Protein chains: 2
Amino acid sequence: MSELEPTADARETLLEKYRRGLVQVYTGNGKGKTTAAFGQALRAVGQGFRVCIIQFMKGRKYGEFLAAERCLPNLTVRLSGLDSFVMRDNPAPLDIELAKQGLALAREAVASGDYEMVILDEINVAVDFKLIPVAEVIDLIQTRPPAVDLILTGRYAPPEIIALADTVSEIHEIKHHYNAGIKDRAGIEY
Amino acid sequence: MSELEPTADARETLLEKYRRGLVQVYTGNGKGKTTAAFGQALRAVGQGFRVCIIQFMKGRKYGEFLAAERCLPNLTVRLSGLDSFVMRDNPAPLDIELAKQGLALAREAVASGDYEMVILDEINVAVDFKLIPVAEVIDLIQTRPPAVDLILTGRYAPPEIIALADTVSEIHEIKHHYNAGIKDRAGIEY
């Protein structure tokens, strides 16, 4: 594994004294939210950023986790969920506990100074499913060291979070191969 | 750099005799199209796929290019454009020439058997700007070895390509930090 050094352009960005990190949200019902966040992470890592991704409600190492773990030392991925679906109206106590642990990890990552970018994958869904109170996510956004870039993904982004964000992309499903009966595939869905 | 081997799940997918690769399109005016494609590439690489990305109308190594070049031997990225904007109504002959070269690279990558996934970044814009005839892209999609996954990105995806795709995600800009006067940043835009 080879450590990446910040490029001259990135160093300028990183050192900019009054730099304010951006809050980005990827939401909507279409394919591409988590992958957009990981693509953003890859871009940032390529410029020398250190990026931490916390995956809420996921308990399985997807391909992006495996690639990061093996090949990208500046991209840390942590899982904080089970490898089973959460029941929207009846989450298990362990689902709630793991989401809370994920939020604690997120606070730690944001405050640590170890990362220029922190990505909270599927946190919008964790809020919508009431695993995490929206007030705690708002607090995390508002109290973070201002230079840290934050990305929040998942359907159902709450309006309070959209209001705080600098950039919000809503991904609409125009078509999905699921509807043609094509099932989950390694390399595509996970 | 460490080579990634296909996981058991991915091997099953890759070896599936009658596997039909998917055609995905990421379009729309919001941030996240190229990053979604690179995130998908990272996922696929993590599962052991070999992925080739051809970037149309781009002449600069963005962060994702740098990360791939340095850390991800199974992710090949090729540029086929200039590091300047193409004039929509008056493209330079060199813009057209480079887009054509990109298309030739794409045909080669798709036919080579060296890649399970080929990503044509910004090709929709190259078609919209008339650097490439849509008929040639349709031909590439229809004549590819059927197992190859294809991803096409960029605004203005033509209806003929949307019709052929298995999955189409349209990324809408709800908000963008550009509108608050925040300029391009290393690690975020490139």
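The values are calculated or read from the model by the stated rules, or taken from the named source; none is laboratory data. Quick caveat: nothing in here was measured; it's all calculated off a predicted structure. No Cβ is skipped: glycine too gets one built from the backbone with ideal geometry, and neighbour counts run over all protein chains shown.
Restricting to region B:125-155, and then to whatever is closer than 25 Å to A:GLU189 by Cα and in a loop (DSSP other than H, G, I, E, B), can you tell me which residue is nearest to the chain's Cα centre (by Cα)?
Ranking the qualifying residues of region B:125-155, first place goes to B:GLY154.
Only one of (1) at pLDDT 95 or above; (2) closer than 21 Å to B:VAL137 by Cα; (3) surrounded by fewer than 22 Cβ atoms within 10 Å (Cβ to Cβ) is not met by B:ARG20, so which one is it?
Single failed check for B:ARG20: (1).
Please determine, by comparing only the residues of region A:59-97 that are out of contact with any strand residue (DSSP E or B) (no Cβ under 8 Å at 6 or more places or on another chain), more than 19 Å from A:GLY48 (Cα to Cα) and of a type in the set (Gly, Ala, Ser), which one is farthest from the other protein chains (Cβ to nearest Cβ).
The extreme case among them is A:ALA92.
Could you tell me whether A:ASN124 is farther than 26 Å from A:LEU98 by Cβ and more than 7 Å from every other protein chain (Cβ to nearest Cβ)?
Spelling it out, it is not the case that A:ASN124 is farther than 26 Å from A:LEU98 by Cβ and more than 7 Å from every other protein chain (Cβ to nearest Cβ).
Across region A:89-106, which residue is farthest from A:ILE171 (Cα to Cα) among those that are of a type outside the set (A, V, I, L, M) and more than 13 Å from the chain's Cα centre (by Cα)?
A:PRO93
Is region A:172-188 home to any residue that is at pLDDT 95 or above, aromatic (Phe, Trp, Tyr) and surrounded by fewer than 24 Cβ atoms within 10 Å (Cβ to Cβ)?
No, region A:172-188 contains no residue that is at pLDDT 95 or above, aromatic (Phe, Trp, Tyr) and surrounded by fewer than 24 Cβ atoms within 10 Å (Cβ to Cβ).
Tell me which residues, restricted to region B:41-56, are more than 7 Å from every other protein chain (Cβ to nearest Cβ) and basic (Lys, Arg).
Of everything in region B:41-56, just one residue is more than 7 Å from every other protein chain (Cβ to nearest Cβ) and basic (Lys, Arg), namely B:ARG50.
Find the residue count for region A:165-188, including only residues that are touching a residue at least 12 places away in the same chain (Cβ under 8 Å) and over 16 Å from B:ALA165 (Cα atoms).
9
Within region B:2-10, is there a residue that is of a type outside the set (Phe, Trp, Tyr), at pLDDT below 95 and within 15 Å of B:ALA147 (Cβ to Cβ)?
So far as region B:2-10 goes, yes, one or more of its residues are of a type outside the set (Phe, Trp, Tyr), at pLDDT below 95 and within 15 Å of B:ALA147 (Cβ to Cβ).
State all residues of region B:133-190 that are more than 7 Å from chain A (Cβ to nearest Cβ) and of a type in the set (S, T, N, Q); if no residue qualifies, say none.
B:GLN142, B:THR143, B:THR153, B:ASN179
Pull up region B:23-55, narrow it to residues that are among the aliphatic types (A, V, I, L, M) and in a helix (DSSP H, G or I), then point me to the one that is surrounded by the most Cβ atoms within 10 Å (Cβ to Cβ).
B:ALA41
So which residues in region A:156-166 are within 17 Å of the chain's Cα centre (by Cα) and either of a type in the set (Lys, Arg) or farther than 23 Å from A:LEU98 by Cβ (or both)?
A:ILE162, A:LEU164, A:ALA165, A:ASP166
If you take the residues of region A:107-124 that are over 13 Å from the mean Cα position of the chain (by Cα) and among the acidic types (Asp, Glu), which of them is nearest to A:LEU164 (Cα to Cα)?
Among them, the one singled out is A:GLU116.
For region A:82-124, which positions are in a loop (DSSP other than H, G, I, E, B), in contact with an Asp or Glu (Cβ under 9 Å, 6 or more places away or on another chain) and surrounded by 24 or more Cβ atoms within 10 Å (Cβ to Cβ)?
Across region A:82-124, the qualifying residue is only A:GLU116.
Pairs under 7 Å by beta carbon, first residue under 20 Å from A:ARG19 (Cβ atoms) in region A:104-127, partner in a helix (DSSP H, G or I) and modelled with pLDDT under 95, six or more apart or different chains?
If the second residue must be in a helix (DSSP H, G or I) and modelled with pLDDT under 95, the pairs left are A:GLU116/A:LEU14.
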